[in-house]
Amino acid sequence: MTTKGVHEHPGERAHPDPIRLLEIRDTPLLLDEVFRAVGDDAAGGTALFVGTVRNHDGGADVDALSYSCHPTAAAELRRVAEKVVANHPIRALAAVHRVGDLTVGDLAVIVAVSCPHRAEAFEACRQLIDDLKHEVPIWKRQKFSDGVEEWVGAC
């Protein structure tokens, strides 16, 4: 019996670009769309993170929020995705972020990756969402129940 190396897969043909879906959009985000985008027969692990609008922040009740972005946000999102792909054995990657007015419970961001193994997928997904939040110029304006509004920078 022979064993193949960890990264060898008989008959495997890599997708030309593991970055399958990257968008900043003003329409609702769909879990199925992102999950399908990272489907890959050579992936043994898929990790997905969903960020939702919560009803509180810092002890205050949140009614709604609004996201806006800088014109360079899409290019910065691509740069972040390319960095994650360079650091992990990514088979497929997807990230979508919502802009515009959102209410409690709405999906604000979805990121997903598929990798050969689950540990790699978890690590890559964590880097993707953390780097997106810290480096992509997207800001939110929270609207609190008491009428106060607050801008929060994502990067």
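The values are calculated or read from the model by the stated rules, or taken from the named source; none is laboratory data. Nothing here was measured: the structure is a model prediction, and the numbers come from that model. Reconstructed Cβ throughout: ideal geometry from the backbone, glycine too, with neighbour counts over all protein chains shown. SASA here: full protein model, heavy atoms, side chains in, ligands and nucleic acids out. Shrake-Rupley method; radii C 1.70, N 1.55, O 1.52, S 1.80 Å.
Observations on the model:
- Amide H partners (placed H, <5 Å) of ASP106, local residues excluded: VAL53
- Taking the protein heavy atoms of the chain in the context of the full set of protein chains, the accessible area attributed to carbon and sulfur is 51 percent at 1.4 Å.
- Label-to-label distance, GLU82 versus ASP106, with points set 7 angstrom from Cα along the beta-carbon direction: 3.1 nm.
- Averaged per residue, the chain has 56 square angstrom of accessible surface, using a 1.4 angstrom probe with ligands and nucleic acids left out.
- Relative to the longest principal axis of the Cα atoms of the chain, the long axis of helix 118-135 makes an angle of roughly 40 degrees.
- Were the residues from TRP151 through GLU33 laid out at 0.36 nm apart, the gain over their Cα-Cα distance would be 39.5 nm.
- Neighbourhood net charge (12 Å Cβ-Cβ; Lys/Arg +1, Asp/Glu -1) for HIS70: -2
- When +1 charges are put on Lys and Arg Cβ atoms and -1 charges on Asp and Glu Cβ atoms, the dipole computed for the chain relative to its Cα centre reaches about 380 debye.
- Residue among HIS56, ALA73, ALA108 farthest towards the positive dipole end of the chain, charges placed on Cβ: ALA73
- Computed from Cα atoms, the angle from the helix 73-87 axis to the main principal axis of the chain rounds to 40 degrees.
- Built amide H within the under 5 Å cut-off of ASP63, gap 5+: LYS143, PHE144, SER145
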